[in-house]
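One structure below.
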């Protein structure tokens, strides 16, 4: 072999570059090579030949700021999911025991009053569905706004995949349910939206058990997907399940809503010492908006989303605030939502008298429960994975090397845990037919268990595979408080 020519400035001669093999797909969980390759010499060494650029990746790991925020949300939701499961089990036991009459009597007990023409005399079950769930939807609204302004959804490139996957994960289950129930009883197709939603608390609780070591990008994808699912469910409820609109009440609601927005936007200057004082002004205004929405015919939970969108999520740095009003509200409302509001709703909504094994079999073989189960278990996987695959083909992209397609299938299965919002839509779909409601709820409960089992079976082996990768994600060699694998060194989330 001829010696290498001397390097300039008297440096050591460089070794000849060995021939490069064809690029291969990186092992899942390992860093991707550069997306562009340098030109390499041709076989005769006379003319460089440009190598083909590597396809860019989708579902890449985000910034540390986003990672930190997502991890806090997942931890909170996992705890709430455990309480939710417990409330559901208790409700099912009571509804199918000697205490069933007392349970249903409690659920149907009316509490409330009429004030200035507003009808607020509701059963306890309706207070849970229309009142307490408004708190849950308020939290969903805050998460959505933070995602669109500070999170991954602010970047159209990053938002494309979870948004499109969420649309596919709503459309395919709805289509499956509708198709199955074309041959079902009259009015059964009204429940087409039941398998559309994802219960983030339940799904994250399962993920905490079976997938705690999965790549951060994948956990972020599940949360973003669930948030987008909730947004689509909100739109569906507002458009398809609001009837007998009373535009007068809706017009009046704009007055306290505008005042609420004004005070929320000026909260940093109006309440200089603490946001605590803002509660005493904003909460009563929010309650008035909720009452007017309820009486307008628009489902009252939508009020929670609208109110959340009025809350600022950024901080004016010159005023010296450490947290935004949205962050403060999220911190205060999160325990109330996941630890009380959602479990109480589940307690009163999930209690279905199945009538023993024979009744359960009858429900499972009916088109309503079958449509819900097929939609949530199979439809979510087909819709989410199929849409993501289509995007990779259209954009000539690959999954991030830290994610394998089998991981995405497992996550899509967990997205089939419908539960909270699905139970709500089941009640809205069949308001005057308790038997159809019960069949739909049996389908939701069964599908949620099946989806959890399928997702767990897929992700548990992968979780063990990714344990080593999780260790790498925690390495902080420069001891700056931010793991070295993340793409920014700027964001600590309070």
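The figures follow:
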| item | result |
| --- | --- |
| Where residue 388 falls short, out of the listed (1) touching a strand residue (DSSP E or B) at 6+ places or on another chain (Cβ under 9 Å); (2) surrounded by fewer than 17 Cβ atoms within 10 Å (Cβ to Cβ); (3) at pLDDT 90 or above | (2) |
| Given (1) under 22 Å from residue 289 (Cβ atoms); (2) within 19 Å of the chain's Cα centre (by Cα), index of the condition residue 85 fails | (1) |
| Test result for residue 399, surrounded by 19 or more Cβ atoms within 10 Å (Cβ to Cβ) and either in contact with a strand residue (DSSP E or B) (Cβ under 7 Å, 6 or more places away or on another chain) or free of Cβ contacts under 8 Å to residues at least 12 places away in the same chain (or both) | yes |
| Number of the condition not met by residue 461 [criteria: (1) over 22 Å from residue 230 (Cα atoms); (2) not in a helix (DSSP H, G or I)] | (2) |
| Test: residue in segment 246-254 that is touching a strand residue (DSSP E or B) at 6+ places or on another chain (Cβ under 9 Å), touching a residue at least 24 places away in the same chain (Cβ under 8 Å) and surrounded by 14 or more Cβ atoms within 10 Å (Cβ to Cβ) | yes |
| Filter result for residue 180 (closer than 26 Å to residue 81 by Cβ, out of contact with any strand residue (DSSP E or B) (no Cβ under 8 Å at 6 or more places or on another chain) and in contact (Cβ under 8 Å) with a residue 60 or more places away in the chain) | no |
| Single match in 138, 202, 177 (criterion: in contact with a helix residue (DSSP H, G or I) (Cβ under 6 Å, 6 or more places away or on another chain), crowded, with 20+ Cβ neighbours inside 10 Å, assigned to a helix (DSSP H, G or I) and modelled with pLDDT under 90) | 202 |
| Pick from segment 74-111, criterion more than 21 Å from residue 129 (Cα to Cα) and either surrounded by fewer than 15 Cβ atoms within 10 Å (Cβ to Cβ) or touching a helix residue (DSSP H, G or I) at 6+ places or on another chain (Cβ under 6 Å) (or both), ranking: modelled with the lowest pLDDT | 74 |
| Total residues in segment 279-295, condition modelled with pLDDT under 90 and within 21 Å of residue 118 (Cβ to Cβ) | 1 |
| Some residue of segment 220-230 being surrounded by fewer than 21 Cβ atoms within 10 Å (Cβ to Cβ), closer than 30 Å to residue 443 by Cα and touching a residue at least 60 places away in the same chain (Cβ under 8 Å) | no |
| Lone qualifier among 326, 303 - being at pLDDT 90 or above and buried (at least 16 other Cβ atoms within 10 Å of the Cβ) | 303 |
| Lone unmet requirement of (1) assigned to a helix (DSSP H, G or I); (2) farther than 17 Å from residue 448 by Cβ; (3) touching a residue at least 12 places away in the same chain (Cβ under 8 Å) for residue 369 | (2) |
| Any helices (runs of 4 or more DSSP H) falling wholly within segment 214-278 and containing at least 1 residues that are at pLDDT 85 or above and out of contact with any helix residue (DSSP H, G or I) (no Cβ under 7 Å at 6 or more places or on another chain) | 216-240, 247-265 |
| Condition broken by residue 437, with the remaining ones in (1) closer than 14 Å to residue 372 by Cβ; (2) in contact (Cβ under 8 Å) with a residue 12 or more places away in the chain satisfied | (2) |
| Pick from segment 150-172, criterion in contact with a helix residue (DSSP H, G or I) (Cβ under 9 Å, 6 or more places away or on another chain) and in a loop (DSSP other than H, G, I, E, B), ranking: farthest from residue 312 (Cα to Cα) | 151 |
| Residue among 403, 384 that is outside any helix (DSSP H, G or I), in contact with a helix residue (DSSP H, G or I) (Cβ under 9 Å, 6 or more places away or on another chain) and closer than 14 Å to residue 161 by Cβ | 403 |
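Yes or no, residue by residue, for (1) modelled with pLDDT under 85; (2) under 28 Å from the mean Cα position of the chain (by Cα); (3) part of a loop (DSSP other than H, G, I, E, B):
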position: 314; (1), (2), (3): yes, yes, yes
position: 322; (1), (2), (3): yes, yes, yes
position: 331; (1), (2), (3): yes, yes, no
position: 341; (1), (2), (3): no, yes, no
position: 347; (1), (2), (3): no, yes, no
position: 351; (1), (2), (3): no, yes, yes
position: 362; (1), (2), (3): yes, no, no
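The values are calculated or read from the model by the stated rules, or taken from the named source; none is laboratory data. Please read all numbers here as calculations on a predicted model, not as lab measurements. So basically every Cβ, Gly included, is an ideal-geometry build from the backbone, and we count neighbours across all protein chains shown.
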